[in-house]
Amino acid sequence: MECIIIAADRTIRDKREALKEVLHYVRRAGADIEEARKTGGKAMADITRMIRRHIPEHTHDAIVQSLRIDLNVINYMNLDVDKDGLRQIMDLAVEGRILSAPVDIDAFADESFSADISVK
């Protein structure tokens with residue numbers, strides 16, 4: 001599973017600091033979810049409640065199961081640009097005719113927004 005944040009060129013150019021702030025809080029939320037995955041208990045219940053506030057269709061049990069460490073299906077450990085992962089998705093999208101032609105990943109993926117997830 002990949003998470004892709006898309007920003008318009010104009011936003012990257014004119015609102016770079018605001019975009020960095022948004023990405024900081026995405027990473028912070030990811031770090032909080034990772035901590036809840038490790039800790040369990042009240043931390044997991046709190047995270048589950050927050051997720052359900054935004055996605056009420058997901059049950060508490062479904063969220064807990066999707067965040068199980070032993071399965072490692074959904075995690076928030078690497079939120080930086082993953083060009084190899086993007087290329088794999090692109091290749092599958094071209095093969096499945098979702099994209100008519102390959103995309104220049106180097107032009108598409110801006111690594112200047114990368115940061116350590118442990119930074120809060």
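The residues listed here are 46, 84; of these, the one that is loosely packed, with under 14 Cβ neighbours inside 10 Å and more than 18 Å from the chain's Cα centre (by Cα) is 46.
Taking interchain pairs and intrachain pairs at least six residues apart, which have beta carbon atoms under 6 angstrom, with the first residue in segment 16-35 and assigned to a helix (DSSP H, G or I) and the second of a type outside the set (Val, Ile, Thr) and surrounded by 14 or more Cβ atoms within 10 Å (Cβ to Cβ)? Between residues of segment 16-35 that are assigned to a helix (DSSP H, G or I) and residues that are of a type outside the set (Val, Ile, Thr) and surrounded by 14 or more Cβ atoms within 10 Å (Cβ to Cβ), the close pairs are 19/7; 23/113; 27/79; 30/76; 30/79; 33/76; 34/76.
For segment 36-67, a residue qualifies if it is in contact (Cβ under 8 Å) with a residue 24 or more places away in the chain and among the charged types (D, E, K, R), and the qualifying residues are 37, 38. All conditions in (1) more than 20 Å from residue 37 (Cα to Cα); (2) among the polar types (S, T, N, Q); (3) surrounded by 11 or more Cβ atoms within 10 Å (Cβ to Cβ) hold for residue 100, with the sole exception of (3).
Any residue that is in a helix (DSSP H, G or I), within 30 Å of residue 107 (Cα to Cα) and of a type in the set (Lys, Arg) - is there at least one of those in segment 60-83? There is at least one residue in segment 60-83 that is in a helix (DSSP H, G or I), within 30 Å of residue 107 (Cα to Cα) and of a type in the set (Lys, Arg).
Of the residues in segment 38-46, not one is within 26 Å of residue 113 (Cβ to Cβ) and polar (S, T, N, Q). If the requirement is being out of contact with any strand residue (DSSP E or B) (no Cβ under 8 Å at 6 or more places or on another chain) and farther than 23 Å from residue 115 by Cβ, which of these qualifies: 64, 81? Selected residue: 64, the only one of 64, 81 that is out of contact with any strand residue (DSSP E or B) (no Cβ under 8 Å at 6 or more places or on another chain) and farther than 23 Å from residue 115 by Cβ.
The numbers here are math on the coordinates, done by the rules we state, and not lab data. All of these numbers come straight from a predicted model, not from anything done at the bench. Cβ atoms come from the backbone with ideal geometry, glycine included; neighbour counts cover every protein chain shown.
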